[in-house]
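Heads up: the structure comes next, in structure tokens.
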Amino acid sequence: MSIVALTMPKWGLTMTEGTVVKWLRAPGASFAPGDEILEIETSKIANVLEAETTGTLARIVAPEGAILPIGALLAVIAPAATPDAAIDAFVTEYAAPEPSDRPEADAEPVAPAYLEAGPGRLRYLDLGSGAGVPVLLLHGFGADLNSWMFTQPALAEGRRVIALDLPGHGGSVKDVGDGSPAAFVDAVGQALDALGLDRVHLVGHSMGGAIAALVAARWPDRVASLTLIAPAGFGPAINTAFIEGFIRATRRRDAEAVLGLLVHDKSLISKAMVEDVLRYKRLDGATDALRTIARAWFADRQQRVAVAAPRLPVQLIWGENDQIIPVSDAAGTVTHRLEAAGHLPHMEKASEVNRLIRRFIAG
């Protein structure tokens with residue numbers, strides 16, 4: 001193994017720098033894929049940087065509290081027997097590209113676009129290209145395409161990856177009709193047509209997981225595989241305190257309390273995330289759309305939607321500490337339970353979830 005740089009990652013399209021909050025491994029410590037190495041905070045969210053490969057943390061370069069740009073050297077990974085002089089030389093010679101020198105700095109930033117579907121205009125973000133079967137990402141109740149900020153770039157190697165704002169959410173039309181699952185399935189089908197996608201891997205979270213499963217049941221020939229992350233529809237239990245609290249929240253304190261139910265580690269909920277939610281809630285028609293959806297999906301304090309795993313490759317990914325929808329196993333599926341993760345494992349355990357998805361769709 002040669003000397004390798006551990007650098008400041010890019011989480012989401014708007015991230016330009018990050019803060020080193022806490023190192024979770026000491027110099028000389030070995031690690032395996034999925035092991036947590038350090039905590040990083042951005043303007044949007046705090047998260048843990050997990051190891052992608054096996055290695056040894058030879059030297060920490062960036063101290064806790066350091067605010068560094070994307071690509072800056074955080075630490076050096078090298079075999080235990082590597083001489084200090086070799087590591088010194090690597091650190092001295094390492095030159096992180098200045099923002100003006102990075103290729104993406106001169107290019108037009110990738111921005112969301114819009115398509116026309118049955119309910120109206122839907123917002124989407126389209127990344128990547130290549131011969132691989134495209135991936136369509138469907139978010140959960142109250143979320144938007146930004147919930148895939150750690151997932152979409154990681155999957156967009158050799159294939160298109162599209163994150164869609166469902167009706168009533170994000171930058172999409174706020175008219176959700178009766179808010180029924182069938183209405184969302186129709187909208188996703190029309191979005192596939194508008195995007196020219198004949199066949200996709202579907203990845204859905206929570207309510208988006210149920211929608212993904214229903215889309216696969218209606219059009220099985222158009223779905224290559226299903227990855228369902230803490231999906232709705234696999235049992236009646238639902239934390240309606242979250243649903244009702246999210247709909248009611250108009251103040252920072254209330255939004256923080258509700259969003260805290262989504263994660264195992266409450267420190268991951270940043271001020272920017274809270275502000276994003278409150279900004280969305282102030283959009284004309286947003287709260288009414290959420291109420292309509294809640295009546296159709298979560299009446300009588302339980303889930304009204306039931307789905308069955310279609311006869312195609314399906315995997316479930318669930319956080320063991322999910323406070324919104326309890327962990328459930330579905331017959332005939334592969335279920336991955338992730339420790340120290342709540343209802344947002346694709347954000348709390350991003351590296352591990354990304355590896356599971358990549359391996360699954362490759363197979």
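Scanning for something outside any loop (DSSP other than H, G, I, E, B), touching a strand residue (DSSP E or B) at 6+ places or on another chain (Cβ under 7 Å), at negative phi and surrounded by fewer than 23 Cβ atoms within 10 Å (Cβ to Cβ), does region 339-346 turn up at least one residue? Among the residues of region 339-346, not one is outside any loop (DSSP other than H, G, I, E, B), touching a strand residue (DSSP E or B) at 6+ places or on another chain (Cβ under 7 Å), at negative phi and surrounded by fewer than 23 Cβ atoms within 10 Å (Cβ to Cβ), which makes the answer no.
When we screen 235, 245 for residues that are in a loop (DSSP other than H, G, I, E, B), in the same structural domain as residue 192 (by TED's automatic domain parsing) and farther than 19 Å from residue 148 by Cα, the only hit is 235. If the condition is being under 19 Å from the mean Cα position of the chain (by Cα) and not aliphatic (A, V, I, L, M), then region 206-241 contributes 206, 208, 209, 225, 227, 231. Condition first: among the polar types (S, T, N, Q) and surrounded by 17 or more Cβ atoms within 10 Å (Cβ to Cβ). Can you find one or more residues in region 246-259 that meet it? No; the residues of region 246-259 include none that is among the polar types (S, T, N, Q) and surrounded by 17 or more Cβ atoms within 10 Å (Cβ to Cβ).
Here 176, 161, 188 are screened, and the one residue that is over 28 Å from residue 348 (Cβ atoms), crowded, with 20+ Cβ neighbours inside 10 Å and assigned by TED's automatic domain parsing to the domain that holds residue 324 is 176. Taken over region 15-36, the criterion of being within 22 Å of residue 147 (Cα to Cα) and outside any strand (DSSP E or B) is satisfied by 15, 16, 34.
Exactly one residue among 293, 325, 317 is assigned to a helix (DSSP H, G or I) and β-branched (Val, Ile, Thr), and that residue is 293. Taking region 164-216 as the range and being closer than 19 Å to residue 294 by Cα and of a type in the set (Asp, Glu) as the test, the residues that pass are 165, 175, 178, 186. The sole residue among 276, 288 that is modelled with pLDDT of 95 or more, of a type in the set (Asp, Glu) and outside the structural domain of residue 50 (by TED's automatic domain parsing) is 288. Would you point out the residue of region 193-205, among those that are surrounded by fewer than 23 Cβ atoms within 10 Å (Cβ to Cβ) and outside any loop (DSSP other than H, G, I, E, B), that is nearest to the chain's Cα centre (by Cα)? Only one residue fits best here, namely 195.
The values are calculated or read from the model by the stated rules, or taken from the named source; none is laboratory data. What you see is a predicted model; the values in this text were computed from it and never measured. Here Cβ is always computed from backbone atoms with ideal geometry, including for glycine, and neighbour counts include all displayed protein chains.
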